[in-house]
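Just below is one structure, and these are the notes that go with it.
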Amino acid sequence: MKTKQPYMKAVMPLASVSNARNYSGEKETIQTIKLIDKKTERVIVDARWYMGKSASALNVVCSLWCMGRGVYESAHSTSGKGTAGGYGYHKASAALASAIASAGITLYGSPYGHPVNGDSDKATKAMLKRLAHIGGCGDSSIDCALLAIAYAMGYRDVIRATS
């Protein structure tokens, strides 16, 4: 799967951030997406979503790990965590948006990963200068954001694994 996204781009932080947390022992894992480099078969982006174990749990928690190419490229290795609660919107994408911000990553372009309302090429190029707010926008926004992050780290061809 090619990582270049025509309608979304990511900018990695200048300094490494380490904010992610593995909640697997205390919360239920509800979704996992991993992007694996085709050449090296290394996991380069790992996003995990969790919910509380009780039937009345409302909050979705997301942890995001982005692993750079080598030891000396620490600025390309970053992680973050985010939460989303409430009703009436796509909480998984909102939690990921919070985790992306916590990791110091900035997204630009269309939050949906495609032109909104049939925008022209000129409008699309202008859109890549605006911040992309993917919170609540759905699964396609999650995929576009993770692929844009992989592209920003220098990976061009990945395998998407989900559970």
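The values are calculated or read from the model by the stated rules, or taken from the named source; none is laboratory data. For clarity, every value in this text was computed on a predicted model and none was experimentally measured. Counting neighbours? That spans all protein chains shown, and the Cβs are built from the backbone with ideal geometry, glycine included. Protein only, heavy atoms only, side chains kept; ligands, DNA and RNA dropped before computing areas. Shrake-Rupley method; radii C 1.70, N 1.55, O 1.52, S 1.80 Å.
Close contacts from segment 1-17, counting a first residue that is open to solvent by less than 70 Å² (accessible area, probe 1.4 Å) and a second that is modelled with pLDDT under 90 and part of a loop (DSSP other than H, G, I, E, B), with Cβ to Cβ under 7 Å and a gap of 6+ residues or different chains, come to Q5/G113; Y7/S110; Y7/G113; Y7/H114; Y7/P115; M8/S110; M8/G113; S16/S77.
Given S63, S98, S79, which one is in a helix (DSSP H, G or I), crowded, with 16+ Cβ neighbours inside 10 Å, out of contact with any helix residue (DSSP H, G or I) (no Cβ under 6 Å at 6 or more places or on another chain) and not hydrophobic (A, V, I, L, M, F, W, C)?
Going through S63, S98, S79 in turn, just one is in a helix (DSSP H, G or I), crowded, with 16+ Cβ neighbours inside 10 Å, out of contact with any helix residue (DSSP H, G or I) (no Cβ under 6 Å at 6 or more places or on another chain) and not hydrophobic (A, V, I, L, M, F, W, C): S98.
Applying the set (1) over 17 Å from Q31 (Cβ atoms); (2) modelled with pLDDT of 90 or more; (3) open to solvent by less than 40 Å² (accessible area, probe 1.4 Å); (4) outside any loop (DSSP other than H, G, I, E, B) to Y151 leaves exactly one unmet item: (3).
For Y108, indicate whether it is out of contact with any His (no Cβ under 7 Å at 6 or more places or on another chain), assigned to a strand (DSSP E or B), open to solvent by 40 Å² or more (accessible area, probe 1.4 Å) and not acidic (D, E). When the stated conditions are applied, Y108 passes them. Checking each residue of segment 48-67 against the condition of being over 20 Å from A95 (Cβ atoms) and of a type in the set (K, R) gives no match. Would you call V45 exposed (fewer than 15 other Cβ atoms within 10 Å of the Cβ), within 23 Å of L128 (Cα to Cα) and at pLDDT 85 or above? No.
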